[in-house]
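Beneath this line is the structure, given in structure tokens, with notes to follow.
The values are calculated or read from the model by the stated rules, or taken from the named source; none is laboratory data. Note that this is a predicted model, so its numbers are computed, not measured. Glycine gets a Cβ as well: all are built from the backbone with ideal geometry, and neighbour counts include every protein chain shown. Ligands, DNA and RNA are stripped out before the accessible areas are found, and what is left, the full protein with its side chains, is counted by its heavy atoms. Shrake-Rupley method; radii C 1.70, N 1.55, O 1.52, S 1.80 Å.
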Amino acid sequence: SDGETFISADTSRILLWNVNYSSLATEIVYFSAEETDEEIRTAIFHPKNCSQFAFGTDCGFVNICDLRKRLNCNSPSLAFKYEEPSRTIFTDVLSAISDIKWSPTSDRQLLSRDFMSVK
């Protein structure tokens with residue numbers, strides 16, 4: 001949103017970058033393989049507020065973080081999880097968040113996509 005900062009993500013971490021300092025990245029989320037089996041699937045900055053971002057995990061969580069509160073965002077400001085009414089052997093695979101978008105009509109709403117639906 002500010003045209004200078006952006007984030008990149010892999011399965012275990014999210015990095016914060018600035019175009020003016022291309023060789024320097026700050027780790028803002030890190031999932032240790034020893035501590036959790038959760039993996040990051042998607043991450044996106046807020047379109048209007050460069051201090052907020054959201055990321056989705058393979059466990060079905062959508063996490064919203066605010067960099068004004070803390071730079072290490074392993075504990076998100078808000079976390080959402082849609083609970084499936086009935087659990088099956090495929091629930092974990094089907095509930096993994098594959099994409100997140102901020103709503104085009106409201107900067108306070110998120111759309112998330114898992115394997116079967118949009119929430």
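Results, tabulated for the structure shown:
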{"read-out": "So I14, is it under 27 Å from D107 (Cβ atoms) and in contact with an Asp or Glu (Cβ under 9 Å, 6 or more places away or on another chain)", "value": "yes"}
{"read-out": "Answer residue from region 1-27, given it is of a type in the set (S, T, Y) and within 16 Å of C50 (Cα to Cα) and is most open to solvent (accessible area, probe 1.4 Å) among those", "value": "S1"}
{"read-out": "Of all residues making up region 62-92, the number that are within 19 Å of L111 (Cα to Cα) and over 14 Å from the mean Cα position of the chain (by Cα)", "value": "3"}
{"read-out": "Matching residues, region 105-114, being modelled with pLDDT under 85 and either of a type in the set (K, R) or open to solvent by 60 Å² or more (accessible area, probe 1.4 Å) (or both)", "value": "D107, R108"}
{"read-out": "Qualifying position, being more than 15 Å from the chain's Cα centre (by Cα), open to solvent by less than 100 Å² (accessible area, probe 1.4 Å), farther than 21 Å from Q52 by Cβ and not hydrophobic (A, V, I, L, M, F, W, C), among S95, S117", "value": "S117"}
{"read-out": "Top-ranked residue in region 69-89 [being part of a loop (DSSP other than H, G, I, E, B) and charged (D, E, K, R); ranked as most open to solvent (accessible area, probe 1.4 Å)]", "value": "R87"}
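For (1) touching an Asp or Glu at 6+ places or on another chain (Cβ under 6 Å); (2) open to solvent by less than 70 Å² (accessible area, probe 1.4 Å); (3) closer than 24 Å to K81 by Cβ; (4) at pLDDT 90 or above, each residue gets a yes or a no:
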| residue | (1), (2), (3), (4) |
| --- | --- |
| Y30 | no, no, yes, yes |
| D37 | no, no, yes, no |
| N49 | no, yes, yes, no |
| A54 | no, yes, yes, yes |
| L67 | no, yes, yes, yes |
